[in-house]
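The values are calculated or read from the model by the stated rules, or taken from the named source; none is laboratory data. Bear in mind the structure is a predicted one, so any value in this text is a computation, not a measurement. Cβ coordinates were reconstructed from backbone atoms using ideal geometry, including for glycine residues, and neighbour counts include every protein chain displayed. With ligands, DNA and RNA removed, areas are computed over all heavy atoms of the protein, side chains included. Shrake-Rupley method; radii C 1.70, N 1.55, O 1.52, S 1.80 Å.
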Amino acid sequence: MLTAFNLFWDNIAGFMSWNLFLAFIPFAFSIFLFRRQAKRNVLWWLGLIIFTLFLPNAAYVITDIIHFVSDVREPEISGNGIIFVIIPQYLIFLIAGFQCHVLSIIRLLNYLQIKDNIAKLIGIELGINLICAYGVYLGRFPRLNSWYIISKPYRLVNTVVESFMARNFWHTIFIFFITIALLYYIFKSINLSLGAWWKNSQAQ
């Protein structure tokens with residue numbers, strides 16, 4: 001008999017651990033790339049390419065809500081199992097994954113402000129989120145992976161070209177972009193508020 005805890009561990013052993021790992025990669029790279037003392041040498045630019053390729057994986061986790069819909073429809077899972085096990089699991093998973101997306105971009109923006117003295121960043125923010133929306137589309141529908149640029153470059157290029165002619169492409173990209181951008185600004189606002197509160201508490 002399938003229980004909520006069976007499903008809980010199946011999710012962790014399945015897509016959740018893997019997708020959180022992929023979401024963490026750009027955040028980890030942002031820590032090393034976007035330091036004030038970071039030198040823009042060949043390794044830095046290579047790291048930036050990897051960061052860019054993997055950043056959509058952090059936003060991608062929001063599309064895993066489709067698994068949640070499937071899980072709550074399991075007839076053998078009780079209402080209490082859904083409320084106290086499955087819902088908290090997905091909330092933690094989605095928040096942790098998308099937080100990697102937000103923190104990665106915040107670190108990038110702070111770096112650009114300090115290193116390049118760029119003041120107006122909203123265009124960069126929106127552009128990054130738009131690129132991520134496209135990356136999420138490529139991952140969710142054609143099922144491309146970030147490392148295909150090395151392992152399957154022909155398939156990657158071919159799929160990217162064909163994607164612009166896919167049915168409902170622009171409609172889907174628009175929905176992804178609006179969703180990602182809206183969540184990004186909500187998460188960013190919360191992060192900045194918590195950061196300011198922490199600094200004030202430490203200063204007292």
Roughly how many debye, to the nearest 20, is the charge dipole of the range 47-151 about its Cα centre, given +1 on each Lys and Arg Cβ, -1 on each Asp and Glu Cβ, and no other charges?
340 debye
Among 50-60, 116-126, 140-150, 23-33, how do they line up from the highest to the lowest mean number of other beta-carbon atoms within 10 Å?
50-60, 23-33, 140-150, 116-126
Taking the Cα centre as origin and putting +1 on Lys and Arg beta-carbons and -1 on Asp and Glu beta-carbons, what dipole magnitude results for the chain, to the nearest 20 debye?
900 debye
Whenever you get a sec, compute what percent of the accessible area on the range 1-122 sits on carbon and sulfur atoms (1.4 Å probe).
70 percent
Would you calculate a helix-derived [θ] at 222 nm for the chain, using -39,500 (n - 2.57) for each DSSP H run of n ≥ 4 and dividing by the full residue count, to the nearest 500?
-24500 deg cm²/dmol
What is the magnitude of the charge dipole of the range 1-97 about its Cα centre, with +1 placed on the Cβ of each Lys and Arg, -1 on the Cβ of each Asp and Glu, and no other charges, expressed in debye to the nearest 20?
840 debye
Each label point is 7 Å from the Cα along the Cα-to-Cβ direction; what then is the distance between the points at ILE87 and ASN158, in nm?
4.6 nm
Full extension from HIS171 to TRP147: what is 0.36 nm times the residue separation minus their Cα-Cα distance, to one decimal in nm?
6.0 nm
How much of the accessible area of the range 124-187, in percent, comes from carbon and sulfur atoms when a 1.4 Å probe is used?
74 percent
Quick one: in the range 2-148, what % of C-alpha pairs are over 21 Å apart?
50 percent
Lys/Arg +1, Asp/Glu -1 at C-beta; the chain dipole; positive extreme among PRO75, SER151, VAL136:
SER151
Whole-percent pair-distance distribution, where bins are 5 Å wide, for the alpha carbons of the range 71-153:
3, 11, 12, 15, 15, 14, 13, 8, 5, 3, 1, 0
Partners for LYS39 among lysines (Cα-Cα distance below 26 Å; same-chain residues under 8 apart left out)
LYS115, LYS120
For the chain, the per residue accessible area (1.4 Å probe, Å²) is 60 Å²
Dipole of the range 68-204, positive end: most advanced residue of ILE190, SER163, TYR90 [Cβ charges, Cα centre]
SER163
Express the Stokes-Einstein translational diffusion coefficient of the range 111-174 in µm² s⁻¹, to the nearest whole number, given a Kirkwood radius over alpha-carbon pairs, 20 °C and a viscosity of 1.002 mPa s.
159 µm²/s
